[in-house]
Amino acid sequence: MTTQQTFVIIGASLAGAKAAESLRAEGFDGRVVLIGEEAVRPYERPPLSKAYLRGEVGFEKAAVHPEAFYQEHEIELLTSTTATSIDPASKQIQLDPGGRFTYDQLLLATGATPRHVTIPGAQLDGIHYLRSLSSCDALREALTGAARVVVVGAGWIGSEVAASARQLGKEVALIEAAEVPLERVLGTEVGTMFLEVHAEHGVELHMGVGVEAFRGSKTVEEVVLADGSVVSGDLVVVGVGVSPRTELAEDAGLQLDNGVVVDEHLATSVPGIWAAGDVANAYHPVLDTRIRLEHWSAALNQGPVAAKNMLGRGVAYVKIPYFFSDQYDLGMEYNGFAANWDQVVYRGDRDQRELIVFWLDHRRVVAGMNVNVWDVGDQIAALVTAKRVVDPLQLADVCVDLSVIIDS
Ligand SMILES: Cc1cc2nc3c(=O)[nH]c(=O)nc-3n(C[C@H](O)[C@H](O)[C@H](O)COP(=O)(O)OP(=O)(O)OC[C@H]3O[C@@H](n4cnc5c(N)ncnc54)[C@H](O)[C@@H]3O)c2cc1C
């Protein structure tokens, strides 16, 4: 395809970098511009709460592509550059520190940003949020000198940071408003498994209680809980969720609803503008619902789908939601989307933590999580896609191959 067109991608992280890669792989030979406000080339964030945070791997392990990739593929990567506005009428993007681009097609891959708490003491030193490489470097450095770490929020990021801090030999307290870690996604019953894992590794757990204030003279020293108790710590990490970065889209008049609203082709409400990754609230045709995913796999796979559609290919994004987590020696993967369920089925050994957990709604598998059991993700996704009524006893029986259940 020989063209003079310019395709611009705002957000130089996983979704954006994979989209740029796909444009070239699909044969687009116009201009590809990848704009990112961070100082470094695109990287993956999962290591930032795991091996990179613990100092076990360096940046190269997290980078999406080798340094030479962008030049070799004639992708104009602009780092330390922020897109400040988009004008859909003139198709112009303004940049800070100066300059502008006119685009023919535009992809928004601006991701998400951590929600900040606004309680008293929130401005004290020693309170960290984790999202970018620079925030991770700051936390990593602070961890070396810290004795006692308080993690606020036992979602995925908080749970992983708590695990990493324990693995670094720190005393750790984990505070969560829900009754167990990860309750929103996994439910109380399965979340209890993660509660037990952290307890076994010596984490001081404060569940079912909110945080009211941080106290300290200049640096944080104490966290005051809603029940009046006080948890001491010289370093606090807050992980209470993220918000999609929709500022640009909002100014440009795009339809928003918990992110940038896109259809199954990742097209926004404005022709020629697409969105992918954490910022996109996409209609999922298999699940028949709108969903904004905050997972590595969505960024990895939506970027290329958006790129194909910028080239007019008309591809729907149908991948079943997938995410993974590693905490201590527990590795898990989750396939599916369980907004509601009425039954939880265990297949394998819950005590040994080698099992698959299935969430069922009216005897249909809506999600499955494999814990320290591998190479079953595709089968779980196939069960979710099939939406067939299954026999819970068969599902629980390790002697019945999952492929038999999928085909029955
Ligand atoms: C510490 C951590 C650990 C994680 N671990 C896991 C895990 O184990 N498993 C899993 O499934 N997921 C995990 N995730 C989630 C996963 O990393 C995200 O879903 C993924 O990064 C989303 O990619 P993205 O490209 O959509 O957005 P982001 O990674 O958020 O990137 C968006 C980029 O756009 C840039 N940007 C935003 N606005 C502008 C602008 N106006 N101009 C220029 N640039 C802009 C931002 O600076 C950023 O670089 C983790 C996330 C974090 C933070």
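Residues that are in contact with a helix residue (DSSP H, G or I) (Cβ under 7 Å, 6 or more places away or on another chain) and either at positive phi or in a helix (DSSP H, G or I) (or both) within the stretch 179-211 comprise 182, 183, 191, 194, 198, 202, listed in sequence order. The residues in the stretch 65-79 that are surrounded by 13 or more Cβ atoms within 10 Å (Cβ to Cβ) and over 21 Å from residue 30 (Cα atoms) can be counted, and the count is 0. Only helices (runs of 4 or more DSSP H) wholly contained in the stretch 1-76 count here; list those with 1 or more residues that are more than 16 Å from the ligand (Cβ to nearest atom) and over 27 Å from residue 313 (Cα atoms). Where helices (runs of 4 or more DSSP H) fall fully within the stretch 1-76 and carry at least 1 residues being more than 16 Å from the ligand (Cβ to nearest atom) and over 27 Å from residue 313 (Cα atoms), they are 59-62. If you go through the stretch 285-295 and keep only what is outside any loop (DSSP other than H, G, I, E, B), touching a strand residue (DSSP E or B) at 6+ places or on another chain (Cβ under 7 Å) and in contact (Cβ under 8 Å) with a residue 40 or more places away in the chain, you end up with 291, 292. Every condition in (1) surrounded by fewer than 18 Cβ atoms within 10 Å (Cβ to Cβ); (2) within 13 Å of the ligand (Cβ to nearest atom) holds for residue 298 except the one numbered (1).
With within 14 Å of the ligand (Cβ to nearest atom), under 27 Å from residue 196 (Cβ atoms) and not in a loop (DSSP other than H, G, I, E, B) as the only criterion, which of 231, 237, 223, 305 stands out? Selected residue: 237, the only one of 231, 237, 223, 305 that is within 14 Å of the ligand (Cβ to nearest atom), under 27 Å from residue 196 (Cβ atoms) and not in a loop (DSSP other than H, G, I, E, B).
Taken over the stretch 296-310, the residue count meeting the criterion of being in contact (Cβ under 8 Å) with a residue 60 or more places away in the chain, within 20 Å of the chain's Cα centre (by Cα) and more than 13 Å from residue 109 (Cβ to Cβ) is 1.
Here's the yes/no breakdown for (1) polar (S, T, N, Q); (2) in contact with a helix residue (DSSP H, G or I) (Cβ under 7 Å, 6 or more places away or on another chain); (3) surrounded by 13 or more Cβ atoms within 10 Å (Cβ to Cβ):
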{"site": "28", "(1), (2), (3)": "no, no, yes"}
{"site": "33", "(1), (2), (3)": "no, no, yes"}
{"site": "83", "(1), (2), (3)": "no, yes, yes"}
{"site": "89", "(1), (2), (3)": "no, no, no"}
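Across the stretch 210-232, not a single residue is classified as under 30 Å from residue 159 (Cβ atoms) and under 23 Å from the mean Cα position of the chain (by Cα). Inspect the stretch 339-347 for any residue being out of contact with any Cys (no Cβ under 9 Å at 6 or more places or on another chain) and within 30 Å of residue 48 (Cα to Cα) and give the result as yes or no. Within the stretch 339-347 (the criterion being out of contact with any Cys (no Cβ under 9 Å at 6 or more places or on another chain) and within 30 Å of residue 48 (Cα to Cα)), the answer is yes, since at least one residue qualifies.
Taking the condition in a loop (DSSP other than H, G, I, E, B) and under 16 Å from residue 81 (Cα atoms), does residue 98 pass? For residue 98, the condition - in a loop (DSSP other than H, G, I, E, B) and under 16 Å from residue 81 (Cα atoms) - is met. Do we have residue 339 as modelled with pLDDT under 95 and of a type in the set (A, V, I, L, M) here? Considered against the rule, which asks whether it is modelled with pLDDT under 95 and of a type in the set (A, V, I, L, M), residue 339 comes out as yes. Quick one: would you say residue 245 is touching a residue at least 40 places away in the same chain (Cβ under 8 Å) and open to solvent by 30 Å² or more (accessible area, probe 1.4 Å)? So residue 245 passes the test.
Here 176, 160, 141 are screened, and the one residue that is farther than 18 Å from residue 326 by Cβ, buried (at least 18 other Cβ atoms within 10 Å of the Cβ) and among the charged types (D, E, K, R) is 176. Annotation for the stretch 93-103: at least one member residue is open to solvent by 70 Å² or more (accessible area, probe 1.4 Å), away from the ligand (no atom under 11 Å from the Cβ), free of Cβ contacts under 8 Å to residues at least 60 places away in the same chain and over 30 Å from residue 168 (Cα atoms). Condition check for residue 104 on (1) closer than 22 Å to residue 249 by Cα; (2) out of contact with any strand residue (DSSP E or B) (no Cβ under 7 Å at 6 or more places or on another chain): one failure, at (2). Go through the stretch 311-408 and tell me which helices (runs of 4 or more DSSP H), entirely inside it, have 3 or more residues that are surrounded by 14 or more Cβ atoms within 10 Å (Cβ to Cβ), within 23 Å of the chain's Cα centre (by Cα) and within 16 Å of the ligand (Cβ to nearest atom). Where helices (runs of 4 or more DSSP H) fall fully within the stretch 311-408 and carry at least 3 residues being surrounded by 14 or more Cβ atoms within 10 Å (Cβ to Cβ), within 23 Å of the chain's Cα centre (by Cα) and within 16 Å of the ligand (Cβ to nearest atom), they are 377-386. With the structure loaded, tell me whether residue 166 is open to solvent by 40 Å² or more (accessible area, probe 1.4 Å) and touching a His at 6+ places or on another chain (Cβ under 9 Å) or whether it fails that test. Yes.
The values are calculated or read from the model by the stated rules, or taken from the named source; none is laboratory data. The shown structure was predicted, so the numbers you read here are calculated from the model rather than taken from an experiment. Heads up, the Cβs are rebuilt from the backbone with ideal geometry, glycines too, and the neighbour counts pull from every protein chain shown. Quick note on the areas: whole protein, heavy atoms, side chains included, nothing else; ligands and nucleic acids left out. Shrake-Rupley method; radii C 1.70, N 1.55, O 1.52, S 1.80 Å.
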